[in-house]
Amino acid sequence: MSDTSWIGSVIAAARPQAVAALLRYFRNLDTAEEAFQEASLRALKAWQKNGPPRDAAAWLIMVARNAGIDSVRKTSKQDPLPPEDLISDLSDVETATVEQLDAADYRDDILRLLFICCHPELPATQQIALALRIVSGLSVKQIARAFLVTEVAMEQRITRAKGRVASAHVPFESPSAADRAERVAAVAAMIYLVFNEGYTTNVADHGAKAPLCEEAIRLARLLLGLYPTEPEIMGLTALLLLQHARAAARFDADGSVVLLEDQDRTRWNAKQIAEGLALIDKAVRHRRPGPYQVQAAIAAIHARAKAFRETDWSEIDLLYGTLERMQPSPVVSLNRAVAVAKARGPAAALDMIEPLAAKLGSYFYFHGARGAFLQELGRKDEARVAFDRAIALANTPAEAAHIRMQIDRLQTPGAREAS
Amino acid sequence: MQYAILCYHDEKVTCAWSKEEDDAVMAKLGVVMEKLTKQGKLGPVARLLPTTAATTLRKDREPPLVVDGPFAETKEQLLGFYIVDCKNLDEALEITRELGAANPGGAYEIRPVGVFFDAPKVAS
């Protein structure tokens, strides 16, 4: 790290808390953001000279409030600004802020800020963009890169999202217990979307999207810090950590996708796996299972398996069965079938997915999985038809390449054992 | 004399480090640790998982109470620690309860260990 990069880390860590408090104070997202920006610039100068303040968030909130008030005054009355030194040389400014900020305030502030980003009127892509810009503080350029759009297009998308949020009148009083629970669930879903946007990727853009997964984990930890006894938030955080732990093994040196069965498991992030497993352990004790916990438990089985052939597929089958009951969906059933194929054989799996054809007929993964089951059963011609169908429906070159690899195996019998 | 060196930092900051920044810090610490190991001065080193992974047993009441999260009170002081190797949190809690029964009052915070380094030997 360079000499001043610690300041960046400290500002990034304080950001959600500070922007959230400023939003409550100014009741306007743009003013809050600009004021925080101004305070961050002053922090760069002041902290370099004086060292970090005892409470960075409180320092930033106080300086930003002053800066925000100044800018409101400046635009309204054209009053002269107070000298810079008066604002940025506050050595122990945080003592003054203790009055209005206790832990409960912080909690509701941050939840409100997160909740604003997942307003039901916003489409998923706008929710993600807004959260990354406002809460995580990623630059428009970084976000645009992750979404593979131009900076101008992303700027417009964020501006539109802010406009909708501003006209939606999010209430600023403390939420009721029921409202709070609803907000937590909506925020968890949004964090999951951020992660998936980063995780679902193809060869060309995996570098650009990687920061999204990191941000999603940071947001999940933030939410869990606010609600430390919520088993589903533990489950969500665990799920993201366990999935992301495989990141380094998911792509080879050429940037091609490496399938789970072929991944070098020594490249998995042991620390993230340890944290994910610890969180599931904690969650399970509450005996209040939910979809995030179940998905995390499935990811945990993969994480615990030292090698692909040691995977406990029967347990995964059972867990997908539980998930099917909680969240019935043909995609969940299809995922279950993959586990069934390993645990009980391809014939059982094939029987299981045939009824899904009507709903998943245009889903590439359905035909890919079906082709793989047929291939294992030695029904090569039918397998090839299914794989051809999958290639035609593939969304990304990586998906198509994966299917082509399967066809390759069809044409070279004995070259590789069916897995 | 053996000394325990307890590490404090704002975890919001350390969790905001990128993988590269984290690796860089660990590499610099590794240099110091290697020197200490050669001198036979280094004992076990543990990097704990974030406090979101912590569970606390309050044993200042009967029966003791298990709560999610770290021990956040400030009127008690840190007096010691154990490292136990368990198959899961339930087993760790069982052990913690047993210790608590032997020594009521205060609390035990149970925090999973993320990275554990057991130096070859410490001269005591």
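The values are calculated or read from the model by the stated rules, or taken from the named source; none is laboratory data. Because the structure is predicted, anything quoted here is derived from the model rather than measured. Positions of Cβ are generated from backbone atoms using ideal geometry, with glycine treated the same way; all protein chains shown enter the neighbour counts. Calculation scope for accessible area: heavy atoms of the full protein, side chains included, ligands and nucleic acids excluded. Shrake-Rupley method; radii C 1.70, N 1.55, O 1.52, S 1.80 Å.
Using a Gaussian network model of chain A in which every pair of alpha carbons under 10 angstrom is joined by a spring, one finds that among A:ARG288, A:ARG180, A:ARG27 the greatest mean-square fluctuation is at A:ARG288. Computed from backbone phi with θ = phi - 60° and the Karplus coefficients 6.51, -1.76 and 1.60, the 3J(HN,Hα) list for region A:126-138 is 6, 4, 5, 4, 5, 4, 5, 6, 7, 7, 7, x, 5 Hz; x is used for glycine and proline.
Annotation: extensible slack from A:GLU182 through A:THR396 equals 73.5 nm (criterion: 0.36 nm per residue apart, minus Cα-Cα distance). Under a Gaussian network description of chain A, with springs only between Cα atoms under 10 Å, the residue in A:ALA249, A:ALA339, A:ALA357 that fluctuates furthest is A:ALA357. The contact between chain A and chain B removes approximately 2100 Å² from the accessible area (both sides summed; 1.4 Å probe; ligands, DNA and RNA excluded).
Taking GluC sites (Glu not before Pro) as exposed when their DSSP state is a loop state and no more than 13 other Cβ atoms lie within 10 Å, the longest site-free interval of chain A runs over A:174-416.
Kindly identify region B:11-117 as rounded, prolate or oblate by the Cα gyration tensor criterion: order the square roots of the eigenvalues as a ≥ b ≥ c, call it rounded if a/c is under 1.5, otherwise compare a/b with b/c, prolate if a/b is larger, else oblate. Prolate, because a/c is 1.5 or more and a/b exceeds b/c.
Within chain B, what's the longest run with no trypsin sites (Lys or Arg not before Pro) in a DSSP loop and at most 16 other beta-carbon atoms within 10 Å? Give the range, please. Formally, the longest exposed-site-free interval is B:1-40.
Near the amide H of B:ALA107, within less than 5 Å, lie the amide hydrogens of B:LYS59, all on another chain or at least 5 residues away, with H placed in the peptide plane.
Where the accessible area of region A:103-226 is counted over protein heavy atoms with a 1.4 Å probe, how much of it, in %, is carbon and sulfur? Roughly 56 percent, rounded to a whole number. Amide H contacts of B:GLY114: B:ARG47, B:LEU48, B:LEU49, each under 5 Å away and 5 or more positions distant or on a separate chain (H built 1.01 Å from N in the peptide plane; Pro and chain starts excluded). Contact order, relative form, for region A:229-311: 45 percent (alpha carbon pairs under 8 Å, 6 or more residues apart, mean separation divided by residue count).
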